[in-house]
Amino acid sequence: MADDKKLTTRAADFSAWYNEVVLRSELADYSPVKGCMVIRPNGYGIWERMQRALDDMFKATGHQNAYFPLLIPESFLKKEAEHVEGFAPEAAVVTHGGGKELEEPLVIRPTSETIIYHMFAKWVQSYRDLPLLINQWANVVRWEMRTRLFLRTTEFLWQEGHTAHATHDEAEEETRKMLGVYRDFMEGYIAMPVITGQKTNAEKFAGALRTYSCEAMMQDNKALQAGTSHNLGQNFAKAFELKFQTESGGTEFAWNTSWGVSTRMVGGLVMTHGDDNGLRVPPLLAPIELVIVPIYRKDEERAEVLEAAHRIAKSLGAWDRRETARIRVHIDKREGIKPGAKYYEWELRGVPLRLELGPRDIAANQGVLVRRDTREKKAVSLDTLGEDVAECLSTMQRDMFAAALDRRGANTYRDPMPYDQFRQLMDGQGGFVYAGWCGDEACEAAVKEETKATIRNIPDEEFRSVEAPTSCLKCGNDAKHEALWAKAY
RNA sequence: CGGGACGUAGCGCAGCCCGGUAGCGCACCUGAAUGGGGUUCAGGGGGUCGCGGGUUCAAAUCCCGCCGUCCCGACCA
């Protein structure tokens, strides 16, 4: 039945649409263990490109990769009071090994602060050993009550940076620097605009002094926390005796930071750019940037068209699909599937560009180039194909960011808003509301209770309005903070 | 753990009320034709009807129990 092939539209049911896109575009599949996720090659290819770009950015800012164990002694988690309170409820614990009950249970890392700072304590003696700038690519496990593909899975892949510094100010600078790296990555690569800012105490990381986040708006007008950066102060240093000798001979606890982004970003990509035909992948993250769909009837035509397709792929620099290739090209040589069916399939998978190539084109020394984002078709000469494709890809990257930014702008409210109106908005179409907050956690909690909306963060300067909100969204008293309110994933 | 829905082929579902040889669409396999926006025809493979018990000559269908999944809430990158 033709209806079976159609996606649920985003407007009809955003959640159903999201799940269908993730499953049908072969980003991921459900695993036998509930809450876990199998990331398929198409999805992993995107994650791999994210990793590569971020890894370069981390190295450029002086960080080195290392690897720490999956299993952490339970006692480690308990050394920092806030930390254990935050993570104990969602810990997965190993109690048996080698056929025997273990003397001490081992926790599967929900995050690696404890084991990393335990090791840092051994490595750091002097101020000369600082700063220590480490990153780890790893999987972590958090036993969440409810999961969603990519957005909240029991096990997820991430990157966690951990650093140690001699002073608070240096740690703070690092925390902010890495938040900026995240913003640059998310906007530059995922083409997903984010609002950076500081988390409130209620929302900050368990054990941190301060937490900063990148908040993005999804197409259902809900916020996605896409990355966080924490200034941990000396909390973990004190718990793990991470001390160093200062230049003047005294002993001080080090100052730590940690920061992470995860496979959740793939979900953010889908919910930022997907449309009613499926996924749209920003060119910089697309495992395949251009798919060639050959069109032919007779065997002679088939030979001719495929020969031309291979020649084109080779000239675009992607003959063997190595990463050194200039443009990542795939030729869809499958037999027995009509071109139209192939178009739908590659659109569903989000490949940015498609080149339709048939006997008529070859006779005219051209191909038909189709953009995934606009579905716009144009005939291009095969002589200048490389330049045209490269230009088109970078245009798409920019256009996708601009479109996402426009959409966010249209659903962000900066004018003073009565609380009743806010409630209605959160009950209906949602969006980001920039409004004052008196600083009282009771107001924050009441808003959450009544509307499910929370303070996503206290936005940084660049997002703020010229005229700051003057009163608290909830109680109307004088505002101490300018806050970004929204319902979140 | 509270509220709702549902378990029948890989996926999506019908059949159940009113018991009588297991069905449909998609996908898959074979063959032929087709091929510039989801091809058509013909043939084919595939199911302990979630599990256990009961009623009955006979249970996917009726009854009891259990298990599981999904959605809504509490938790969260």
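FYI, it's all coordinate maths here, none of it is from the lab. Just so it is clear, the model here is predicted, and its values are computed rather than measured. Quick reminder, even Gly has a Cβ in these numbers, built from the backbone with ideal geometry, and neighbours come from all protein chains shown.
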Taking a ≥ b ≥ c as the square roots of the Cα gyration tensor eigenvalues, with a/c under 1.5 meaning rounded and otherwise prolate when a/b beats b/c or oblate if not, segment A:94-169 comes out oblate
Entries of A:100/A:204; A:122/A:480; A:59/A:487; A:79/A:199; A:5/A:199 with Cα pairs more than 32 Å apart: A:100/A:204; A:122/A:480; A:59/A:487; A:5/A:199
Rounded, prolate or oblate: which fits segment A:1-143 when a ≥ b ≥ c are the square roots of the eigenvalues of the alpha-carbon gyration tensor, with rounded for a/c under 1.5 and prolate only if a/b beats b/c? oblate
In percent, how large is the relative contact order of chain A, given Cα pairs closer than 8 Å and 6 or more residues apart? 14 percent
Hydrodynamic radius by Kirkwood, which averages 1/r over all alpha carbon pairs of chain A, in angstrom: 24.8 Å
If you put +1 on each Lys and Arg Cβ and -1 on each Asp and Glu Cβ, how big is the dipole of chain A around its Cα centre, in Debye rounded to 20? 1180 debye
Helix-only mean residue ellipticity at 222 nm, chain A, DSSP H runs n ≥ 4 weighted -39,500 (n - 2.57), per residue, nearest 500. What is it? -11000 deg cm²/dmol
So which aspartates and glutamates pass the test for residue A:298, namely a Cα distance under 19 Å, with those fewer than 8 places away in the same chain ruled out? A:307, A:332, A:335, A:356, A:361
With just the Cα atoms defining each centre, how far is segment A:31-69 from segment A:227-283? Give it in Å. 14 Å
Along the charge dipole of chain A, pointing to its positive end and built from +1/-1 on Cβ of Lys, Arg, Asp and Glu, which listed residue (A:369, A:125, A:44) has its Cα farthest out? A:369
Expressed as a rounded percentage, what relative contact order does segment A:271-400 have, with Cα pairs under 8 Å and six or more residues apart? 30 percent
Classified through the alpha carbon gyration tensor (a ≥ b ≥ c as square roots of its eigenvalues; rounded if a/c is under 1.5, else prolate when a/b is larger than b/c, else oblate), segment A:102-248 comes out oblate
